[in-house]
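Trainee: Let me give you the structure first, and then I'll get to my questions.
Derivation of every value follows stated rules applied to the coordinates shown; laboratory data play no part. Just so you know, these numbers come straight off a predicted model, no measurement behind them. Cβ coordinates were reconstructed from backbone atoms using ideal geometry, including for glycine residues, and neighbour counts include every protein chain displayed.
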Amino acid sequence: MIERHLHALQFEDPGLEETAATRERLRALFPRGATRRMTQLGLLLGSVLDPLHPAEEDALVYASSFGESRALHDYLASFPTASPTLFQTSIHPSAIQQVLVARQQPVREFFPFGGRAQLVAHAVEAALLAPSPRTILCGGEERILPPGDSGTASPVGFAFALALGADRAAALGTLRLEESPAPAGELALAEFFAALRDRRPLDQPVAPGMRLVLTWL
Amino acid sequence: MPIEAADCRTPFGDARATCDALRAGRRALTLQPVLGEAGGDAVPLATLPGRRLDETAPPAWLSCLDGLAGAVPAAPWGDARHPVFVTSSNFGVGSLYAFSRDQDRRHLEFCTPFALVEGLRRRFGWGGNVAVLSHACVSAHLGLRQASRVLQAGRAERALVFTFDFISPFVAGGFHALKILNPELPAPYAVRPTGSIGLGDGAAFAVLGRNGAGFSLSAQTLHNEMHHFTANRAGGAGFAAALEPVAAAARGRRVWLKGHGTGTLDAGRLEAEAFARQFPGAPLVSWKGALGHTLGSCGLVELALALAAVRGGEAPGTVGSAPPCFVDTVATAPFATRDYDGVVLASNAFGGAHAACLLTHD
Amino acid sequence: MGDPLKSRLKQLIVSTLKLEDVAPEAIADDAPLIGSGLSLDSIDALELVVAVEKEFGVKIASAEESRAALTSVAHLAAYIRLHAPPGRPPG
């Protein structure tokens, strides 16, 4: 069993908000001129990370199934004169890099995860195993309706960030991975986000041998 | 962390065949149109034999991964005690590019990282304990780091790290737009007026955890500058931050160095100088002048090659480079490995990401 | 009388790089484009190179050549005039 305690939680739940509206709403959080190249995912993650003040000695674990889908599709549309900005922006984990580069904030350990059914399981495992005094676990998706009904993007946008530490004092809750006899399990990122947003407990298998328990104090 | 097994696939074949080719000074890179069927400037690319740059449905590289997966030591991979860590920078983005051009929906099952990995999981008979990590050109190092951490915590008996990156017009077009994929073959660490990288197909695996047969990952470090997407902090502070802990772990050992060395000028100089400061006199090589940059897979492809080099008693030199170089410790010719008992391997990525490890052997 | 090519380049800079609060005429001919008051960086420079190549038919081969051509609007205009293909005078 491995566990850490939640000491801070931030979330963005813009649902169907378009990127231009997100940029207008959040622009004041970023250095002047920085948001012109930022994606919706970068803006949302910047908003949730800002109050947590990531530091170099933190471990940062990031989870996203679709990543920079808007930049990806816009980059494809730029061919044959491929856009270097969109190429750069489309590469996972660009959203976090957009935020931290704008703030010139180095971080020693940074683990960007992809996947879907076991994405939360493995991201949480990485966060709970990180030896740093504080780990920031964050994630999200941006909203885009890609052409051709390709299933290559999320229809809703959201983002979350939580700070985890070993100290139980003044904690909001506890995040734990227990051993489980169950041979299978899954938890999608959107479901995890909803539980955090609504302060709902979780207790379910999330991967072979892993049971995730989220409790609130 | 003991390394039980490792191998790779490049256009030259497995690790042993690739190492032999590198020792002979051969290049897999040839000048090809950057956009494949759509043409464009001729740039250095290295694809698997018979594979075109444009993706087919299903992808032509699947058979390569079949062969690689078949070489992995048998275990109930993907169950609770045998996790798999799949790492890549681009996954099936070549299929997404192809779909955007021809609307053939057979590409879709390869287009997203999660769909592609789920398909591979079923294809190779792995269980559901498959993690997906992606951080550009340090992806494979992250897989090794996280796999090691899970093992050290007693949460697994053995761990499989499986990595791949296959080039496409999507990727080649992007690097060409960044003006670093140019019509000259790369010469890592060499002093020249303009720099150029090459891109190559690559895949590899490593099994960690049990009997290491004499090889271990004795130190692993990470650092992320977050200074700029495509440039490092002046003075090489980011490189130093990643290499200093490895240098401390290597104290008392005689090591040679496998750098990132893509063929760019600024980063190449900073990296070479950082290595020379931390490991005075240690020979430095990069094999990307021959194989191209295999992107997310490079950390593990090149680890497998380093293992093959040590087993074979001779490390390939930096193919494609000749003096003058940024530092005089760049080894442009093969050299014997018998006098060394360790290798420092490093990779770097966009955003100023750095990863380094120390491979030790008896 | 202003140089029409330089005016066109200033418009291109603002539109390509989405500089919402910058008026094209406020960009000085000889002001450094990268790392200056516009806060442009090397990725902006490359994006501008793509736009210039498409608009004027010139070819800027490498990152090193990009840096030299994009020293300022005046430098860029001179580069385009020198390298524009025959039959596509830049103005």
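Trainee: Under a 10 Å cutoff between Cα atoms, tell me which one of A:A121, A:A159, A:A20 has the largest fluctuation in the Gaussian network model of chain A.
Mentor: Looking only at A:A121, A:A159, A:A20, the largest GNM fluctuation is found for A:A20.
Trainee: So, one more: Based on Cα coordinates alone, diagonalise the gyration tensor for segment A:48-168, multiply each eigenvalue by 5, take square roots, and list the semi-axes in whole Å, largest first.
Mentor: The answer is 28, 17, 11 Å, longest axis first.
Trainee: Work from the charge dipole of the protein assembly as shown (Cβ charges, +1 for Lys and Arg, -1 for Asp and Glu, about the Cα centre) and give the residue of B:P186, C:A26, C:G37 farthest towards its positive end.
Mentor: Of the candidates, B:P186 comes out farthest on the positive side.
Trainee: Angle between the Cα long axis of helix A:119-129 and the longest principal axis of chain A, 0 to 90 degrees, nearest 10?
Mentor: Roughly 60 degrees, rounded to the nearest 10.
Trainee: If amide hydrogens are placed 1.01 Å from N in the peptide plane, which non-local residues have theirs closer than 5 Å to the one on B:F85?
Mentor: Answer set, sorted by chain and number: B:A131, B:L160, B:V161, B:F162.
Trainee: Whose amide H sits under 5 Å from the amide H of C:L40, counting only residues 5 or more places off or on another chain, with H placed in the peptide plane?
Mentor: Distant-sequence amide H within range of C:L40: C:G35.
Trainee: List the residues of segment B:1-43 whose backbone N lies under 17 Å from a point placed 7 Å from the Cα of B:R311 along the Cα-to-Cβ direction.
Mentor: B:2-10, B:12-23, by backbone N distance to the label point.
Trainee: Which one, B:G259, B:F12, B:T332, projects farthest toward the positive side of the charge dipole computed for the protein assembly as shown from Cβ point charges (K/R +1, D/E -1)?
Mentor: B:T332
Trainee: Place a point 7 Å from the Cα of A:E56 along the Cα-to-Cβ direction; which residues of segment B:233-256 have their backbone N under 16 Å from it?
Mentor: Only B:233-246 fall inside the zone, counting backbone N under 16 Å.
Trainee: Another question, then. Go through segment A:182-197 residue by residue and turn each phi into a ³J(HN,Hα) via Karplus (6.51, -1.76, 1.60, θ = phi - 60°); whole Hz please, and just put x for glycine and proline.
Mentor: 5, x, 8, x, 7, 8, 6, 4, 5, 5, 4, 4, 4, 5, 5, 4
Trainee: Run through all the Cα pairs of segment B:215-361 and give the fraction in each 5 Å bin from 0, expressed as whole percent.
Mentor: Whole-percent P(r) values from 0 Å outward: 2, 10, 22, 25, 23, 13, 4, 1, 0.
Trainee: Using θ = phi - 60° and the Karplus form 6.51 cos²θ - 1.76 cosθ + 1.60, what ³J(HN,Hα) does each residue of segment A:16-29 get, whole Hz, x for Gly and Pro?
Mentor: Values per residue, Gly and Pro as x: 9, 4, 7, 4, 4, 5, 4, 4, 5, 5, 10, 4, 5, 6 Hz.
Trainee: Using each residue's phi in segment C:44-58, evaluate 6.51 cos²θ - 1.76 cosθ + 1.60 at θ = phi - 60° and report the 3J(HN,Hα) Karplus result to the nearest Hz, with x for Gly and Pro.
Mentor: Values per residue, Gly and Pro as x: 4, 4, 5, 5, 5, 4, 4, 5, 5, 4, 5, 6, 10, x, 7 Hz.
Trainee: Another question, if that's okay. Over chain C, what lengths in whole Å, largest first, do the semi-axes of the equivalent ellipsoid take, defined as the square roots of 5 times the eigenvalues of the alpha-carbon gyration tensor? All intermediate terms of the calculation are to be shown ahead of the outcome.
Mentor: Values: eigenvalues 71, 48, 26 Å².
In descending order, the three semi-axes are 19, 16, 11 Å.
Trainee: Work out the charge dipole of the protein assembly as shown with +1 on the Cβ of Lys and Arg and -1 on the Cβ of Asp and Glu about the Cα centre, then indicate which of A:A21, B:F110, B:L243 is farthest towards its positive end.
Mentor: B:L243
Trainee: Something else: I want to verify the translational diffusion coefficient of the protein assembly as shown in µm²/s; compute it with Stokes-Einstein, Rh as the Kirkwood radius over Cα pairs, at 20 °C and 1.002 mPa s.
Mentor: Estimated diffusion coefficient is 85 µm²/s.
Trainee: Just checking the output field for C:65-72: average partner chain Cβ neighbours within 10 Å of each residue's Cβ?
Mentor: 1
Trainee: Turning to a different aspect of this structure: Would you calculate the separation in nanometres between label points at B:V327 and C:A74, each defined as 7 Å from the Cα along the Cα-to-beta-carbon direction?
Mentor: Once both label points are built, they end up 4.2 nm from each other.
Trainee: Per residue, how big is the convex hull of segment A:96-217 when only Cα atoms are used? Give it in Å³.
Mentor: Looking at segment A:96-217, the number lands at 127 Å³ per residue.
Trainee: Suppose we keep just the DSSP beta bridges with both residues in segment B:215-361; what percent of those would be antiparallel, to 5?
Mentor: 75 percent
Trainee: So which residue, out of B:L29, B:L53, B:L96, gets the largest mean-square fluctuation from a GNM of chain B using Cα contacts under 10 Å as springs?
Mentor: Among B:L29, B:L53, B:L96, the largest mean-square fluctuation in the Gaussian network model of chain B belongs to B:L96.
Trainee: For a quick protection proxy, order the peptides C:47-58, C:13-24, B:75-86 by their average other-Cβ count within 10 Å, most packed first.
Mentor: B:75-86, C:47-58, C:13-24
Trainee: Sticking with this structure for a sec: Amide H neighbours of B:C137 under 5 Å, at least 5 residues apart or on other chains, H built in the peptide plane: list them.
Mentor: Under 5 Å from the amide H of B:C137 lie the amide H atoms of B:F350, each far enough along the sequence or on another chain.
Trainee: Taking the 0 to 90 degree range and rounding to the nearest ten, how far is the long axis of helix A:40-49 tilted relative to the main principal axis of chain A, both from C-alpha atoms?
Mentor: Helix A:40-49 sits roughly 40 degrees off the main axis of chain A.
Trainee: Can you work out D for chain B in µm² s⁻¹ from Stokes-Einstein, where Rh is the Kirkwood radius over C-alpha pairs, the temperature is 37 °C and the viscosity is 0.692 mPa s? Could you put the intermediate results ahead of the total?
Mentor: On the way: Rh = 20.1 Å.
After rounding, the answer is 164 µm²/s.
Trainee: May I pose another question? Take the alpha carbon atoms of segment B:3-208, find their radius of gyration, then divide it by 2.2 N^0.38 Å using N residues; give the quotient.
Mentor: 1.06
Trainee: If you take the beta carbon distance between A:V156 and C:E64 as r and set R0 to 51 Å, what does 1/(1 + (r/R0)^6) give as a FRET efficiency, to the nearest 0.05?
Mentor: Result of the calculation: an efficiency of 0.70.
Trainee: Note down the magnitude of the dipole of chain A about its Cα centre, charges +1 on Lys and Arg C-beta and -1 on Asp and Glu C-beta and zero elsewhere, to the nearest 20 debye.
Mentor: Computed about the Cα centre, the dipole is about 480 debye.
Trainee: Let's see if you can work this out: charge +1 on each Lys and Arg Cβ, -1 on each Asp and Glu Cβ, no other charges. What is the dipole magnitude of segment B:3-208 about its Cα centre, in debye to the nearest 20?
Mentor: Dipole about the Cα centre, nearest 20: 380 debye.
Trainee: Still on this structure, I have one more. Among B:G127, B:G70, B:G352, determine the one that fluctuates most according to a GNM of chain B built with springs between C-alpha atoms less than 10 Å apart.
Mentor: The residue with the greatest mean-square fluctuation here is B:G70.
Trainee: Now, a different point. Suppose R0 equals 35 Å. What FRET efficiency, 1/(1 + (r/R0)^6) with r the Cβ-Cβ distance, do B:D41 and A:R25 give to the nearest 0.05?
Mentor: Working from the Cβ atoms, E equals 0.25.
Trainee: While we're on this one: With charges only on Cβ, +1 for K and R and -1 for D and E, what is the dipole size of chain B about its Cα centre, in debye, rounded to 20?
Mentor: About 460 debye.
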